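Read through the structure below, which is laid out as structure tokens, and then see the notes.
The values are calculated or read from the model by the stated rules, or taken from the named source; none is laboratory data. Just so it is clear, the structure is predicted and the values come from calculations on it, not from any experiment. Reconstructed Cβ throughout: ideal geometry from the backbone, glycine too, with neighbour counts over all protein chains shown. Please note that ligands, DNA and RNA were not included when accessible areas were found on the heavy atoms of the full protein model with its side chains. Shrake-Rupley method; radii C 1.70, N 1.55, O 1.52, S 1.80 Å.
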Amino acid sequence: MNKERKLLGEERRAWILEYLKQKNGPVTGTVLAKKANVSRQVIVGDITLLKAHNEPIIATSQGYLYMPTVSNERVEKIVACCHDRSRTEEELNIIVDHGVSVKDVKVEHPVYGDLTASIMVSNRQEVRAFLKEINETKAPLLSQLTAGMHLHTLSAPNMQTIERAEAALKKAGILVEEN
């Protein structure tokens, strides 16, 4: 990308899309803005327009990710958990240590209904980066709105992998079980 040349409109959005497709991890809006020679706010608007055109881009705490539809290589399951803020790192590490990715967190708010936020962590390094961002911004966890009760969408190569992670969460007293 030529630093002197500012990309405009459709050309910039096409470039953003191709750039994200080529990356194996998240890319921050700041990085995209510098490379496109525009402001971060322009990038936020571009991402919004790309999403409106059904491009599978998600915003995570580490940056933007292009998430194409994956074939049935992975399975997903939603699990219910409950714990206070101090056990968040423990919970996420238990899950990723079993080879399971945490896609999101969801809570049921009494006014807004279901609130969902992308997490997208698959290893301890990503857990640390996610929690660092939470702590540096002093952002509350969604689960703080619901006395620690929340749901996670888990993703793994097979259901047995998720079941092992669930067993470890149960042993730790984090998994909410049906009565």
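Scanning the range 15-64 for residues that are touching a helix residue (DSSP H, G or I) at 6+ places or on another chain (Cβ under 8 Å) and of a type in the set (Asp, Glu), we see that the one that is least open to solvent (accessible area, probe 1.4 Å) is Asp46. For the range 145-153, indicate whether the set of residues that are under 19 Å from Ala117 (Cβ atoms) and part of a helix (DSSP H, G or I) is non-empty. So far as the range 145-153 goes, yes, one or more of its residues are under 19 Å from Ala117 (Cβ atoms) and part of a helix (DSSP H, G or I). Among the residues of the range 80-126, those that are small (Gly, Ala, Ser) and under 21 Å from Gly25 (Cβ atoms) comprise Gly99, Ser101, Ala117, Ser118, Ser122. Contact map, the range 108-131: first residue polar (S, T, N, Q), second residue surrounded by 17 or more Cβ atoms within 10 Å (Cβ to Cβ) and not in a strand (DSSP E or B), Cβ cut-off under 7 Å, separation 6 or more or different chains; pairs are Ser122/Val96; Asn123/Val96. Here is a check on your reading of the model: is Glu178 at pLDDT 90 or above, of a type in the set (D, E, K, R) and either under 20 Å from the mean Cα position of the chain (by Cα) or open to solvent by 30 Å² or more (accessible area, probe 1.4 Å) (or both)? The answer is no for Glu178.
A quick yes/no check of all residues on (1) modelled with pLDDT of 95 or more; (2) outside any loop (DSSP other than H, G, I, E, B):
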{"site": "Ala80", "(1), (2)": "no, yes"}
{"site": "Glu90", "(1), (2)": "yes, yes"}
{"site": "Asn93", "(1), (2)": "yes, yes"}
{"site": "Asp104", "(1), (2)": "no, yes"}
{"site": "Val111", "(1), (2)": "no, no"}
{"site": "Thr116", "(1), (2)": "no, yes"}
{"site": "Met120", "(1), (2)": "no, yes"}
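Filtered by the rule that a residue be surrounded by 13 or more Cβ atoms within 10 Å (Cβ to Cβ) and over 15 Å from the mean Cα position of the chain (by Cα), the range 108-138 gives a lone residue, Glu108.
Within the range 67-105, the set of residues being open to solvent by less than 50 Å² (accessible area, probe 1.4 Å) and touching a Lys or Arg at 6+ places or on another chain (Cβ under 7 Å) comprises Asn93, Val96.
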